[in-house]
Amino acid sequence: MSTIQSDTAGSVWKILVTEGQEVSEGDELLILESMKMEIPFEAEHDGRVEKIHVAENDLVQDGDDLVTVSE
Amino acid sequence: MTFTWESALAELEKRRALSRQLGGERRVQRQKDQGRLTIRERIEAMTDEFQEIGEFTTVDEVDANGNVIGKLPAGFVCGLGTVDGRTVAIGGEDFTIRGGAPQTYLDRMKGGLGGFVEDLAHEYKIPLMMFVEGIGGDVTAQEDMGHAYLVSSMSWQRSFDLLTEVPVVGMVSGAAVGGAAARAVLSHFSVMTKDSVIFAGGPPLVRRALGIDLTKEELGGARIATASGAIDNIAEDEADAIDQMKTFLSYLPQNVWELPPRTESEDPVTRRAPELLKIIPENRRQPYKVNKMIEAIVDTRSFFEIGPNWGKSVVTGLARMDGMSIGVVASNPRHLGGALDASAAEKQVRFVDMCSTFHIPILYFVDVPGFMVGPQAEKANVVRWGMRAIQSIIEAEVPIVTIQVRKAYGLAASATSNPDKLGLRLAWPTGEWGDLPIEGGVEAAYGRQIAEADDPARMRAQVEARMAELVDPWRTAEAFGVEGMIDPRETREIVAAFFNASRDAMKSQIHEPKRRWSVRP
């Protein structure tokens with residue numbers, strides 16, 4: 001189980017997965033928008049999307065939880 | 001009693017055995033139970049050889065009533081060590097003796113601020129490796145002296161001198177409070193284990209002064225201390241911390257009167273890096289992984305990142321290029337779009353000062369949309385810190401080669417290159433620059449005219465298209481407004497050629513430091 005955290009402040013632009021979905025290492029899970037950049041967050045390992053902690057258009061801060069992926 | 005060699009040497013061995021016992025079995029066990037090495041084990045893990053100095057120093061063991069009940073070794077172990085074949089001054093507090101408090105009970109302090117080990121590094125011009133663990137000042141010191149000590153009587157001169165002379169490298173494992181925290185911060189590189197803490201004052205003090213109840217981890221744990229920049233890096237454990245200290249040292253010279261050691265590179269300088277075309281997306285709104293970009297260009301597996309948890313809109317670290325030590329600074333478009341905020345600027349100042357002090361040339365990957373804007377940035381004093389970042393680049397006495405990766409807008413671009421020196425700027429075809437990014441710049445300059453136009457959208461598109469043509473990097477290259485335009489895949493060979501060419505100039509620049517300060521802690 002691992003939780004991807006944001007490494008920047010920004011807003012959630014697109015969520016690309018749904019809870020329960022199987023993902024592979026490197027798959028893009030969601031994209032933040034920050035300072036006009038589209039910042040992808042990828043799965044760190046194969047697994048299943050356990051929980052999505054944010055909704056599209058949410059503002060997030062550096063260090064906020066984004067997506068939890070189970071092993 | 002008449003002198004005999006036998007009894008004299010037996011006495012020496014007896015005293016040596018006492019010093020090996022540190023604070024005694026119970027206190028040593030407590031240290032081990034917390035998963036920490038003793039100071040003697042730390043030194044042993046770091047060094048190939050160790051010549052101890054001051055091993056017979058002692059401190060009275062006193063009970064709560066003030067009665068002397070025995071003698072313990074003094075709370076600092078130090079001497080001359082060999083680390084990967086290099087001679088260093090090395091030492092650290094013994095936490096099992098009075099919690100590593102300063103050895104004010106001795107005629108001459110062994111270590112900490114201004115102790116013998118600092119004189120050893122200064123006089124012999126050798127690096128100082130410190131293991132910092134201590135509670136800072138303690139009231140028993142006042143009892144020893146019989147009066148309260150005015151702390152401004154303490155000389156800091158030696159500790160600051162060292163920052164201009166030799167590499168100073170520190171590890172925090174356990175707690176570093178007050179003076180011990182200060183000592184750890186007065187270094188060129190510091191690392192703490194993930195379960196350690198560092199602060200000016202601990203939780204009891206904070207509770208009394210501010211009425212805030214925090215655990216020591218919440219107050220000064222490794223995540224806090226590395227996000228603030230007080231400590232550069234986090235280590236998994238002490239073995240990892242010692243590895244990181246050795247790695248850092250491997251890029252630095254013994255002192256500022258030498259060039260950094262050069263290693264044989266097994267990575268040919270002619271190696272092309274086709275992967276860069278994958279790493280840098282064609283869509284300029286998509287960021288790239290900065291560390292991957294750096295690693296594609298420098299000698300294989302040579303990049304050692306420093307300060308990854310703070311000032312994250314720039315990445316800084318040491319690396320090798322054709323075996324030479326280089327400092328790498330890179331804008332990080334994943335964080336604030338790469339905009340330079342106060343903490344990123346502060347991090348850059350510290351790193352550039354360090355590189356300049358030790359004759360390490362700088363490779364700067366530029367992708368900066370400007371100084372960070374917004375209320376938070378202004379409150380953090382982004383303009384002053386941004387200007388200090390520019391000052392550190394202008395004052396740097398090492399070659400700086402910049403790679404114009406993407407954006408270079410506004411004043412922040414001046415924090416990447418010095419026009420009065422060679423200012424060698426090599427652009428990739430992805431480079432773009434100007435006073436302001438087009439979108440915001442057009443609005444600022446022509447906002448009113450666009451709003452009053454019959455078809456504002458059409459007019460905006462027209463003005464933006466006109467501007468876009470001007471920011472074509474080839475136009476600047478044609479005007480020699482950027483010194484080079486290169487194929488990213490060939491970056492390594494070109495940069496290595498210029499850094500190799502700068503070696504003679506670097507040798508000629510080794511002299512007494514002009515400034516009393518070099519790396520501001």
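Take the conditions more than 30 Å from B:Asn418 (Cα to Cα) and part of a helix (DSSP H, G or I) and apply them to B:Ala457. Does it pass?
Yes: the conditions hold for B:Ala457.
Run down B:Leu9, B:Leu80 and say which single residue is among the aliphatic types (A, V, I, L, M) and assigned to a helix (DSSP H, G or I). Don't jump to the end; show me each part of the working.
Working: B:Leu80 fails: assigned to a helix (DSSP H, G or I).
One residue alone meets the criteria, B:Leu9.
Given (1) in contact with a Lys or Arg (Cβ under 9 Å, 6 or more places away or on another chain); (2) more than 14 Å from chain A (Cβ to nearest Cβ); (3) under 28 Å from B:Leu162 (Cα atoms), where does B:Val298 come up short, assuming only one miss?
(3)
If a residue has to be within 16 Å of the chain's Cα centre (by Cα) and basic (Lys, Arg) to count, how many in the range B:289-347 make the cut?
Residues meeting the conditions: 2.
Search the range B:369-395 for residues that are within 19 Å of B:Asp435 (Cα to Cα) and pair each with any residue that is among the aromatic types (Phe, Trp, Tyr) when their beta-carbon atoms are under 7 Å apart and the residues are at least 6 apart or on different chains.
Cβ pairs passing all conditions: B:Pro369/B:Tyr409; B:Gly370/B:Tyr409; B:Val382/B:Phe371; B:Val383/B:Phe371; B:Gly386/B:Phe371.
Please state which of the following conditions B:Asp240 fails to meet, knowing it meets all the rest: (1) under 29 Å from B:Ser313 (Cα atoms); (2) touching a Gly at 6+ places or on another chain (Cβ under 9 Å); (3) part of a helix (DSSP H, G or I).
(2) is the only condition that B:Asp240 fails.
Pick from B:Ala445, B:Ala377, B:Ala468, B:Ala413: which is in a helix (DSSP H, G or I), farther than 27 Å from B:Val290 by Cα and small (Gly, Ala, Ser)?
Sole residue among the options that is in a helix (DSSP H, G or I), farther than 27 Å from B:Val290 by Cα and small (Gly, Ala, Ser): B:Ala445.
Take the residues in the range B:281-293 that are of a type outside the set (Lys, Arg) and surrounded by fewer than 21 Cβ atoms within 10 Å (Cβ to Cβ); name whichever of them is nearest to the other protein chains (Cβ to nearest Cβ).
In this case the residue turns out to be B:Gln286.
Go through the range B:161-194 and report how many residues are at negative phi and in a loop (DSSP other than H, G, I, E, B).
Matching residues across the range B:161-194 total 8.
Any chance the range B:126-144 includes a residue that's surrounded by fewer than 22 Cβ atoms within 10 Å (Cβ to Cβ), under 30 Å from B:Asp353 (Cα atoms), of a type outside the set (A, V, I, L, M) and modelled with pLDDT of 90 or more?
So far as the range B:126-144 goes, no, none of its residues is surrounded by fewer than 22 Cβ atoms within 10 Å (Cβ to Cβ), under 30 Å from B:Asp353 (Cα atoms), of a type outside the set (A, V, I, L, M) and modelled with pLDDT of 90 or more.
Could you check, for the range B:36-59, whether at least one of its residues is exposed (fewer than 15 other Cβ atoms within 10 Å of the Cβ), of a type in the set (A, V, I, L, M, F, W, C) and free of Cβ contacts under 8 Å to residues at least 12 places away in the same chain?
no
Criterion first (over 14 Å from B:Ile403 (Cβ atoms), touching a residue at least 12 places away in the same chain (Cβ under 8 Å) and not in a helix (DSSP H, G or I)) does B:Ile450 satisfy it?
Details: over 14 Å from B:Ile403 (Cβ atoms): yes; touching a residue at least 12 places away in the same chain (Cβ under 8 Å): yes; not in a helix (DSSP H, G or I): no.
No.
Residues B:Glu258, B:Glu275, B:Glu218: which one is surrounded by fewer than 21 Cβ atoms within 10 Å (Cβ to Cβ), within 30 Å of B:Ala497 (Cβ to Cβ), of a type outside the set (Phe, Trp, Tyr) and in contact with a helix residue (DSSP H, G or I) (Cβ under 8 Å, 6 or more places away or on another chain)?
Only one candidate passes the filter, namely B:Glu275.
Look through the range A:1-11, keep the residues that are assigned to a loop (DSSP other than H, G, I, E, B) and surrounded by 13 or more Cβ atoms within 10 Å (Cβ to Cβ), and return whichever of them is nearest to the other protein chains (Cβ to nearest Cβ).
Per the criteria, the residue is A:Thr8.
Can you name the residue in the range A:12-63 that is more than 14 Å from chain B (Cβ to nearest Cβ), small (Gly, Ala, Ser) and surrounded by 15 or more Cβ atoms within 10 Å (Cβ to Cβ) and, of all such residues, is farthest from B:Met372 (Cα to Cα)?
A:Gly47
Kindly provide the set of residues from the range B:368-391 that are polar (S, T, N, Q) and more than 21 Å from A:Met37 (Cβ to Cβ), ordered by number.
Correct list: B:Asn381, B:Gln391.
Would a scan of the range B:216-230 turn up a residue that is among the hydrophobic types (A, V, I, L, M, F, W, C), in contact (Cβ under 8 Å) with a residue 12 or more places away in the chain and not in a helix (DSSP H, G or I)? Step through it out loud before you land on a result.
Taking the range B:216-230 and keeping what is among the hydrophobic types (A, V, I, L, M, F, W, C), we get B:219, B:222, B:224-225, B:227, B:230.
The next check asks that each one be in contact (Cβ under 8 Å) with a residue 12 or more places away in the chain; those that pass are B:219, B:222, B:225, B:227, B:230.
Narrowing the set further to residues that are not in a helix (DSSP H, G or I) leaves B:230.
For the range B:216-230, residues among the hydrophobic types (A, V, I, L, M, F, W, C), in contact (Cβ under 8 Å) with a residue 12 or more places away in the chain and not in a helix (DSSP H, G or I): present.
For the range B:488-498, check the following and say yes or no: at least one residue is more than 29 Å from B:His359 (Cα to Cα) and in a helix (DSSP H, G or I).
Of the range B:488-498, the ones more than 29 Å from B:His359 (Cα to Cα) are none.
No: zero hits.
Got a number for residues in the range B:87-108 being more than 20 Å from the chain's Cα centre (by Cα) and crowded, with 23+ Cβ neighbours inside 10 Å? Let's see the steps before the verdict.
Start the filter on the range B:87-108 by keeping residues that are more than 20 Å from the chain's Cα centre (by Cα), which leaves B:87, B:93-108.
Checking the rest, the ones that are also crowded, with 23+ Cβ neighbours inside 10 Å come to B:93-98, B:100-103.
Residues in the range B:87-108 being more than 20 Å from the chain's Cα centre (by Cα) and crowded, with 23+ Cβ neighbours inside 10 Å: 10 in total.
Assuming B:Gly201 fulfils every condition listed in (1) modelled with pLDDT of 95 or more; (2) under 27 Å from B:Lys312 (Cα atoms); (3) not in a helix (DSSP H, G or I) apart from one, which condition is it?
It fails just one condition, (1).
Go through the range B:308-348 and count every residue that is closer than 28 Å to B:Asn255 by Cα, of a type in the set (A, V, I, L, M) and either within 12 Å of chain A (Cβ to nearest Cβ) or out of contact with any Phe, Trp or Tyr (no Cβ under 8 Å at 6 or more places or on another chain) (or both).
So the answer is 3.
Residue under question is A:Leu66, and the condition is that it be within 12 Å of chain B (Cβ to nearest Cβ), surrounded by 19 or more Cβ atoms within 10 Å (Cβ to Cβ) and within 10 Å of the chain's Cα centre (by Cα); does it hold?
For A:Leu66, the condition - within 12 Å of chain B (Cβ to nearest Cβ), surrounded by 19 or more Cβ atoms within 10 Å (Cβ to Cβ) and within 10 Å of the chain's Cα centre (by Cα) - is not met.
Within the range B:399-441, which residues are at pLDDT below 90 and within 14 Å of chain A (Cβ to nearest Cβ)?
Scanning the range B:399-441 gives B:Leu436, B:Pro437, B:Ile438, B:Glu439, B:Gly440, B:Gly441.
Would you mind stating whether B:Lys32 is more than 19 Å from B:Thr193 (Cβ to Cβ) and either of a type in the set (D, E, K, R) or in a strand (DSSP E or B) (or both)?
It is false that B:Lys32 is more than 19 Å from B:Thr193 (Cβ to Cβ) and either of a type in the set (D, E, K, R) or in a strand (DSSP E or B) (or both).
Determine which member of the set B:Val366, B:Val442, B:Val382 is aliphatic (A, V, I, L, M), crowded, with 23+ Cβ neighbours inside 10 Å and within 18 Å of B:Val471 (Cβ to Cβ). Write out each step before concluding.
Values: B:Val442 fails: crowded, with 23+ Cβ neighbours inside 10 Å; B:Val382 fails: within 18 Å of B:Val471 (Cβ to Cβ).
Among B:Val366, B:Val442, B:Val382, only B:Val366 is aliphatic (A, V, I, L, M), crowded, with 23+ Cβ neighbours inside 10 Å and within 18 Å of B:Val471 (Cβ to Cβ).
The values are calculated or read from the model by the stated rules, or taken from the named source; none is laboratory data. Remember, it's a predicted structure, so these values are computed and weren't measured experimentally. Cβ: placed from backbone, ideal geometry, glycine included. Neighbour counts: every protein chain shown.
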